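One structure is given here, and the rest of the page talks about it.
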Amino acid sequence: MTKSEARRTAILRTATEVFHEAGFDRASMSDICNRVGYSKATVYAYFKSKEELLVAIALDAAEAEYAAARAALAESPAGIRATLEHVGRRYLAHACAPETLATRRLVLAEAARSSLGNQCYDLGPGRVIAALAARGETMVSRVYHLDRGFERLEEKLSACGANVRRIVGD
């Protein structure tokens, strides 16, 4: 890890702690700077605002969720039932960890004010679902019920890493 990456990580870790303790609204960039031990100029060089810090925290958490699911898939046993049970247990262990829950509460509290919730879903659970489906070929027929609930479904699943195509015919 480079010095710059280490600083960024330290700022994110500290901001996460401050946001969890004080709440996003009550936390300030000064609180974060004081606790991490960097000047405001240094912190602002990495993150232009408190909101930008929260987005980075949320996206890192979503990425960690996806990485945990991918690791579980990589080491999963043969057979669909065993794979789903293994991935489910590992996912729940990660999703129910105290730090994960605290970050989710923080993101959910602020998600209504921005597109943060959608970004986190796309990078976290959306990618997990796509990864599970990508283990093999899955064919779904009569998808009219999916079309009603999900706009641009193929585009969203493709953005998550799935190889999706719609076959129209008999």
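The values are calculated or read from the model by the stated rules, or taken from the named source; none is laboratory data. Just so you know, these numbers come straight off a predicted model, no measurement behind them. Here the Cβ is made from the backbone with ideal geometry for all residues, glycine too, and neighbour counts use every protein chain on show. Side chains are part of the model used for accessible areas, which takes the heavy atoms of the whole protein and leaves out ligands, DNA and RNA. Shrake-Rupley method; radii C 1.70, N 1.55, O 1.52, S 1.80 Å.
Any idea which residue in segment 60-76 is farthest from Ser115 (Cα to Cα), counting only those that are among the aliphatic types (A, V, I, L, M) and open to solvent by 50 Å² or more (accessible area, probe 1.4 Å)?
Ranking the qualifying residues of segment 60-76, first place goes to Ala74.
Pairs meeting the criteria (first residue in segment 21-41 and hydrophobic (A, V, I, L, M, F, W, C), second residue not in a helix (DSSP H, G or I), beta carbons under 7 Å, at least 6 apart or on different chains) are Cys33/Ser39.
Among the candidates Ile80, Ile11, single out the residue that is open to solvent by less than 50 Å² (accessible area, probe 1.4 Å), without any contact (Cβ under 8 Å) to a residue 60 or more places away in the chain and not hydroxyl-bearing (Ser, Thr, Tyr).
Details: Ile80 fails: open to solvent by less than 50 Å² (accessible area, probe 1.4 Å).
It is Ile11.
Of the helices (runs of 4 or more DSSP H) lying entirely inside segment 34-101, those containing at least 2 residues that are farther than 17 Å from Ile11 by Cα are 50-74, 80-95. When residues in segment 23-33 are screened for being part of a helix (DSSP H, G or I) and open to solvent by 30 Å² or more (accessible area, probe 1.4 Å), 2 of them pass.
So that you can scan it fast, the table gives a plain yes or no per residue for (1) open to solvent by 90 Å² or more (accessible area, probe 1.4 Å); (2) at pLDDT 70 or above; (3) within 20 Å of the chain's Cα centre (by Cα); (4) more than 25 Å from Gly23 (Cα to Cα):
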residue: Glu85; (1), (2), (3), (4): no, yes, no, yes
residue: Leu106; (1), (2), (3), (4): no, yes, yes, no
residue: Leu123; (1), (2), (3), (4): no, no, yes, no
residue: Tyr144; (1), (2), (3), (4): yes, no, no, yes
residue: Arg148; (1), (2), (3), (4): yes, no, no, yes
residue: Arg166; (1), (2), (3), (4): yes, yes, no, yes
residue: Gly169; (1), (2), (3), (4): no, no, no, yes
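Among the residues of segment 109-121, those that are surrounded by 13 or more Cβ atoms within 10 Å (Cβ to Cβ) and without any contact (Cβ under 8 Å) to a residue 60 or more places away in the chain comprise Ala111, Gly117, Tyr121. Take the residues in segment 34-54 that are modelled with pLDDT of 95 or more and under 23 Å from Pro98 (Cα atoms), then tell me which one is least open to solvent (accessible area, probe 1.4 Å). My answer is Val36.
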